[in-house]
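Take a look at the structure below.
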Amino acid sequence: MCGIVGAVAQRDVIEILLEGLRRLEYRGYDSAGVAVLDNHGQLQRLRRLGKVQALADAAAEIGVPGGLGIAHTRWATHGEPSEANAHPHVSGDIAVVHNGIIENHASLRAELQAQGYVFTSQTDTEVIAHLVAREVSAGADLLVAVQNARQSLHGAYGMVVLNAREPERLVAARSGSPLVIGYGIGEHFIASDQLALLPVTRRFAFLEEGDVADINRKQVQIYNRQNQPVQREISDSTVEHDAGDKGEYRHYMLKEIHEQPQAIINTLEGRLHNGQINAELLGDLSDIDQVQIVACGTSYHAGMTARYWIEALAGVACNVEIASEFRYRQPVVRPNSLLVTISQSGETADTLAALRRGKELGFARSLTICNVPGSSLVRESDMALMTRAGAEIGVASTKAFTTQLTALLVLTGALARGRAGAEQAEARICSALASLPALVKQALRMSQSIEQLAERFAEKQHALFLGRGDQYPIAMEGALKLKEISYIHAEAYAAGELKHGPLALIDADMPIVVVAPHNDLVEKLKSNIEEVRARGGELFVFAGEAAQIEPAANMQVLAMPHCDDLIAPIVYTLPLQLLSYYVAIIKGTDVDQPRNLAKSVTVE
Ligand code: G6P
């Protein structure tokens, strides 16, 4: 969501801050700002509506010298995108950048206004600046001021604060929104994501919930929620330095789509051995009688697909739920239940809250399937199965999804091990997974034909995606991709449900995409296809030869590689990703940063 970068150094920090913001821009991007303290104690704040480049141009023109600074890209929650609402927010000598939402901002605002504090924005964040300023004017230093001020805050925050009167100090606090400290030599940094700091350091420590960090050039001291000094582990990042580069590709999304064969290879590395799942990976799961999966967005679709696998192959009962619903329900948790969260970022607020709620509800264990090492979900779960997709920058998730599915098949195999009736599952999963990277590569060769297909969609207002069984969530994911980046209204239906309503929508203006691998349900799906054809709908069917679906009037068949139907959900995802990408290209939308969306949703 919003991005934070801070630096305290002997050199000018503006370029470090701007580069950090550029690398975080994918998280939130309606406005950006910096505040830098120069050597004469002058605080200079610069904010711009729009892209980081607008801020960088302004900084280049004006010149922003100084070795202490904080910076932010904003994704509006409270108050429209505007320069006045952009961070940093300032009160006297205090400047603050903040991610998250202060839920009691209205009452705090009223209290502070009554005491004479003047508000210049509509944001919830501005109360933090005034609260800290009030503590400082009562005699507190910046650390104590932040420690005291946060007692009044309800809600979620990751914040970094500076005081123009304390020229070598940043104070950061975390409660609900992630922050990571970057360690340099004679300089220190802070950011909401380590990606922002990779050009300047590879040594990081994550703040934990409730931590406050006192950061100067020479040292970093971290305090826990009780204000006791604590040590947090410093480790070397494994994220690639150039993870933030597009390379030869026009968009991150296209790059990430093409990275999928390698990302899947990476995710499988060390996990399969001699036709079996590495036994040490998830330990003994034979006591697990039920699985509850919780996730949001694309990750939820991965969970929905996994339910078909876990029940059919391992014979273990499985429920899947959207995290924002699960966290506020009163679910019945049976003994020996495993809670599985799925998340690219590991920081999605609702998924994290669902994990915490799950712990109270008495799940036997928790497992996260996650792409970001050291993220909150990884740290707070009993077990983690990392997808190794590498940094995913495009807002529309692609390689994170297919690697999640890969990891979920590994989980299914581990759940099946030793269970009566599931003896064949592990070997079948391992052999199908071994063939997967090559099949994904083959599916990518459809790029050209899909580019042509995209022409048929670009002028449409609506589209329908159909699938059955484990392809139904893939149809949902295809529809989500099209909505996200090409702004075409797209719905997915389990094809058997067509006649219960959506058939009324079918006419020549409604393109219908069908994912139709050769599986147990293909004959039923063919009947559904006929129902659509009989009503004049225009069909685009992705099917392998074995499905024996022939092109006909108003029906184009796009040839898919032959594959085990077990992994077909992964292989059939590829053309749907490419379709949404090329439709967006024709429409000229902002593919990597679609309007109103953010990559990592760290607010509720
Ligand atoms: C946002 C992103 C989606 C993502 C969802 C869940 O909406 O735009 O691409 O699927 O969050 O994120 P997570 O990081 O938990 O997978």
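Only the coordinates and a few stated rules stand behind these numbers; no lab work does. Source: prediction; values computed, not measured. Backbone-built Cβ (ideal geometry, glycine too); neighbour counts: all protein chains shown.
Go ahead and run the numbers for FRET between residue 224 and residue 286, Cβ-Cβ distance against an R0 of 41 Å, rounding to 0.05.
Step by step, r from the Cβ atoms, then E = 0.60.
Placing one identical point scatterer on every Cα of segment 305-356 and ignoring solvent, what is log10 I(q)/I(0) from the Debye formula at q = 0.26, 0.28, 0.29, 0.32 Å⁻¹?
So the normalised log intensities are -1.13, -1.18, -1.21, -1.26.
At each listed q (0.23, 0.25 Å⁻¹), what is the log10 of I(q)/I(0) that the Debye formula gives for segment 79-147 modelled as equal alpha-carbon point scatterers?
Listed by q, the Debye log ratios stand at -1.04, -1.20.
Can you tell me the mean projection area, over all orientations, of the convex hull of the chain's alpha carbons? Units nm², please.
For the chain, the mean projected area of the Cα convex hull comes to 27.5 nm².
Taking the 0 to 90 degree range and rounding to the nearest ten, how far is the long axis of helix 52-62 tilted relative to the main principal axis of the chain, both from C-alpha atoms?
30 degrees
Past 19 Å, Cα to Cα: identify those pairs from 51/599; 359/599; 483/599, in the order given.
From 51/599; 359/599; 483/599, over 19 Å: 359/599.
Sorting 97, 230 on the 10 Å Cβ count, fewest up front, what's the list?
230, 97
Which entries in 499/524; 399/526; 246/481; 399/460 show an alpha-carbon gap greater than 18 Å?
The pairs that break the limit, which is 18 Å between Cα atoms, are 399/526; 246/481; 399/460.
Counting only C-alpha contacts under 8 Å and six or more residues apart, can you give the relative contact order of the chain as a whole percent?
With pairs under 8 Å counted, the relative contact order is 12 percent.
At q = 0.10, 0.11 Å⁻¹, work out log10 I(q)/I(0) for segment 1-145 with the Debye formula, treating every Cα as an identical point scatterer and leaving solvent out; two decimals please.
With no solvent term, the Cα-only Debye profile gives -0.32, -0.39.
For segment 268-351, what's the radius of gyration and Dmax over Cα atoms, in angstrom?
In order Rg, Dmax, the Cα atoms of segment 268-351 give 13.9, 43 Å.
If each DSSP helix of 4+ residues adds -39,500 (n - 2.57) and the sum is divided by the residues in the chain, what number results at 222 nm, nearest 500 deg cm²/dmol?
-10000 deg cm²/dmol
Which whole-number value in Å³ per residue fits the convex hull of the alpha carbons of segment 460-578?
Hull volume over Cα atoms, normalised by residue count, gives 89 Å³.
In whole angstrom, and with the biggest value first, how far do the Cα coordinates of segment 403-454 range along each principal axis?
49, 17, 16
Please arrange 130, 500, 72 by counting, for each residue, the other beta carbons lying within 10 Å of its beta carbon, fewest first.
Least to most surrounded, the residues fall as 500, 130, 72.
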